[in-house]
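Just so it is clear, none of the values below were taken in a lab; they were calculated from the coordinates. This structure is a prediction, so every number in the text was calculated from the model and none was measured. Neighbour counts are summed over all protein chains in view; Cβ atoms, including those assigned to glycine, are modelled from backbone coordinates with ideal geometry.
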2 protein chains.
Amino acid sequence: MKPRQPGIKVPTPTADCWEMRDGFDNLDCYRPLIDKRAILFSAFDMTKLIVQTQYATFHNDLHLQNGATLNPVTLAYETYGELNADRSNAILILHALSGDAHVAGFNSPDEGRPGWWDEAVGPGKAFNTDKYYVICSNVIGGCKGSTGPASVNPATNSPFGLSFPVVTIADMVESQRWLLDYLGIEQLLTVTGGSMGGMQALQWAVSYPERVKSAIILASTARLSAQTIALNEVARQAIYADPNWNQGDYYGKSPPNAGLAVARMIGHITYLSDASMREKFGRRLQERERYGYDFNTDFAVESYLRYRGNAFTRRFDANSFLYITKAMDYFDLSYGLPSLAAAFERARSKFMVVSYTSDWLYPSWQSKELVRSLLQNGLDATYFEIVSDYGHESFLLEVDRLAELARDFLGRLMTSKSYKPAAVYKDIAADI
Amino acid sequence: MKPRQPGIKVPTPTADCWEMRDGFDNLDCYRPLIDKRAILFSAFDMTKLIVQTQYATFHNDLHLQNGATLNPVTLAYETYGELNADRSNAILILHALSGDAHVAGFNSPDEGRPGWWDEAVGPGKAFNTDKYYVICSNVIGGCKGSTGPASVNPATNSPFGLSFPVVTIADMVESQRWLLDYLGIEQLLTVTGGSMGGMQALQWAVSYPERVKSAIILASTARLSAQTIALNEVARQAIYADPNWNQGDYYGKSPPNAGLAVARMIGHITYLSDASMREKFGRRLQERERYGYDFNTDFAVESYLRYRGNAFTRRFDANSFLYITKAMDYFDLSYGLPSLAAAFERARSKFMVVSYTSDWLYPSWQSKELVRSLLQNGLDATYFEIVSDYGHESFLLEVDRLAELARDFLGRLMTSKSYKPAAVYKDIAADI
């Protein structure tokens, strides 16, 4: 399933590195050009880990929080490493807004760049595939192989568009629970993710406490703040404002690329920090010696944003952007409860919560609020605040620090006594 | 020129306060509804200060930094208080991105809301019009009565649109220098402004050191950061993406309101702070008891942004938004110089620099960088960092603290020895 092909040469990073590594959600590609470090490409000198994206389709009614049902439900996923005999070494990784199941390695020897968190997942890495069986699942509502607004609505035989039901983080987790059942995983050693991936991981610990031995929550929150809702809403408004969006009915026609590009540019600013933008771009001009006094690109940071915004339209569906940001906005584990602490009354997992000093999208106070709520329930919760200038993207970039923390945390878990799973849900029918 | 009409009743603030005070750049209106304070409306119980916007048109070539010339040049302005006998009590107030000359009072007894900084300008206020002669000047490139892209190009007899030359902060100041000459003001007691107003004030101190006895710089910077350039660029992209923008050629047709609204929403998020949005909106729903699971407005913060974005399109020109944000992006007093300190070698003014702890658009490090550069030149510079949760808008809202600081600073100036102005520029011809 995971043959390794040694000795495959990978192109050296060049000035065209933006192009080469497009599709990443982070600035990996850009960083070496700026600070002259090449550490990010070190893995390229080794072998290429080849992995295939797999698809599980479930012919069951997925009962969504809004009362609607979805059937069939396809989830894209990838796996790495080997499940051990007592099935106790499974790690579920969940991705952020625009991520996918392809977390590490290469889907083919020709693929120019590895998965989105290749630095953290692989042999000897933070999530060590020599020891752990790593699963990365995509989300419903997305456009990366799982059922979403671009999927064909069986009732009409044409794409759902806006007739796709609004899904929540809990709905995403429910479909992932089917996937775990299908894979025969009774209990996860850990469930982890950054940003929206962390929200899914938290929801897992709340929805299925007995199936989650531990959760590692990175750069995330237990409930979206007003500021983050506002940023999501403005990004959605940029899509609505594009006449090509056409109330979501644009499949087979010109998609709302202009609006989606603006939405993505807003996002990119929020993933960085004032400090990292100052370091990476400052007021450096782009292929100019002096100001142009026109509306073309003057500054490198403008060029970067325009490039990233446009590139995003080639790999993401605008309707999925709407559905996924809305799922995030609705995410509030305390919804309908007297307090956030009440949300964790049934939780039994061990938690490691990590925030990053310069992350202003999911600032540390939100992680601290979460940890307080866990401790109020007597749960085993560890909190780390990592000093980093990389902003929200720190969770993707500060992998050395994460590797240390994860190694300790997971190592202790493997030797500690496991909770007895209360039940394994098997009420699903799947095909792949 | 400034008759006062006592006893005019002003409507009590209501739940419809957003509507009533639309046009403000700040959350004044919103604050009383949230934190139950009514202080912002206290002035309403008094008399109405009636003031007329005036217009000075200069029939001279304004030589712009990009090499182009502009002729004629109209500036909108307002004045308050009386110029004293030795013309030593003039204060020039300069406004932010979307402001105008109407800084205080009412343009008519029927006007529902006062000028944009009425809390800080008037009898007994921070800029006390019983003692000082206050001038507020609009900017070229804008759409509030001064020459800008919506003005008629005398060469074509139709609106400039994108054929309007790109202007800079220095160009704005040059036209304001004409206005000062026209008004017969040899030296300003102080020049002040927040945000882009502070940039103009700094430029005044650099371009015309002998005409600026002091400068009060609020929530501003000596050079725009990469993050702020990025935010401006995304806002511009939202306008470009609107087909109605039509390369700036939309006068007499449908304007790019959808794009401009998105641009403004981005701006509004940056004017607030994580903390102020949490306090004002949190996750409060808008006229709903439960989540709607649709793409209508769920959260109060969404409703607020949509409202503000749309309202802005009724009072601002999209092309002016482009020109003014571009002027800000180009603002860098160290441009072409070895250091920021070098920019102030000729400066002779006294400076008071104020930043606000939660302002992430123009964070305190930028004000500190500015103050360091001033001190490196042996200039008299005072710095205050005001603790406030109101974000960038603190400069508009924290007027009590500002009043204390300004009263001290200006009081000391009035009694100190004035620089002898080197020259008064009179090479202009004006009509109003």
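Structural remarks
- Charge dipole (segment B:4-431, unit charges on Cβ, about Cα centre) - positive-most of B:ILE229, B:THR192, B:TYR330: B:THR192
- Shortest-first nm distances, B:SER334 label point to equivalent points in other copies (7 Å, Cα→Cβ): 4.3
- Tensor-based shape of chain A (alpha-carbon gyration tensor, a/c under 1.5 rounded, otherwise prolate or oblate): rounded
- Pairwise FRET efficiency - B:TYR335 versus B:GLN247, Cβ, R0 = 30 Å, nearest 0.05: 0.60
- Label-zone membership for segment A:158-193, site A:ASN60, 7 angstrom Cα→C-beta point, backbone N under 17 Å: A:170-188
- Separation of segment B:150-182 and segment B:248-273, taken as the distance between their Cα centroids, equals 21 angstrom.
- Each residue, A:SER108 and B:LYS368, gets one label point 7 Å from its Cα in the Cβ direction; the gap between the two is 5.2 nm.
- Tensor-based shape of segment B:110-196 (alpha-carbon gyration tensor, a/c under 1.5 rounded, otherwise prolate or oblate): prolate
- With a threshold of 28 Å on the Cα-Cα distance, the over-threshold entries among B:LYS48/B:LYS213; A:LYS280/A:LYS350; B:LYS144/B:LYS326; B:LYS48/B:LYS350 are B:LYS48/B:LYS213; A:LYS280/A:LYS350; B:LYS48/B:LYS350.
- Calculated FRET value between B:ASN71 and A:GLU289, using beta carbons and R₀ = 35 Å, to 0.05: 0.75
- Mean-square fluctuations from a GNM of chain B, with a 10 angstrom spring cutoff on Cα atoms, peak among B:TRP365, B:TRP204, B:TRP116 at B:TRP365.
- The protein assembly as shown - charge dipole about Cα centre, Lys and Arg +1 at Cβ, Asp and Glu -1, debye rounded to 20: 860
- Among A:MET199, A:MET265, A:MET414: highest mean-square fluctuation, GNM of chain A, C-alpha pairs under 10 Å: A:MET414
- Tensor-based shape of segment A:213-297 (alpha-carbon gyration tensor, a/c under 1.5 rounded, otherwise prolate or oblate): oblate
- Label-to-label distance, nm, for residues given as A:ASP86 and A:ASN153 (7 Å Cα→Cβ offset): 5.0
- Reported value for the protein assembly as shown: 165 Å³ per residue, from the convex hull of its C-alpha atoms.
- Where both bridge residues fall in the protein assembly as shown, DSSP classifies roughly 40% of the beta bridges as antiparallel.
- Copy-to-copy label separations for B:ARG315, where each label sits 7 Å from Cα toward Cβ, in nm and ascending: 4.2
- The GNM of chain B, with springs linking C-alpha atoms under 10 angstrom apart, assigns the highest mean-square fluctuation among B:ALA68, B:ALA101, B:ALA403 to B:ALA68.
- Between identical copies, the spacing of A:GLY252 label points, each set 7 Å from Cα toward the C-beta atom, reads 4.1 nm from nearest to farthest.
- For the pair B:SER254 and A:ASP400, a Förster radius of 51 Å applied to the C-beta separation gives a FRET efficiency near 0.40, rounded to the nearest 0.05.
- Counting Cβ atoms of other protein chains within 10 Å of each Cβ in B:327-336 and taking the mean gives 2.
- Where both bridge residues fall in chain A, DSSP classifies roughly 40% of the beta bridges as antiparallel.
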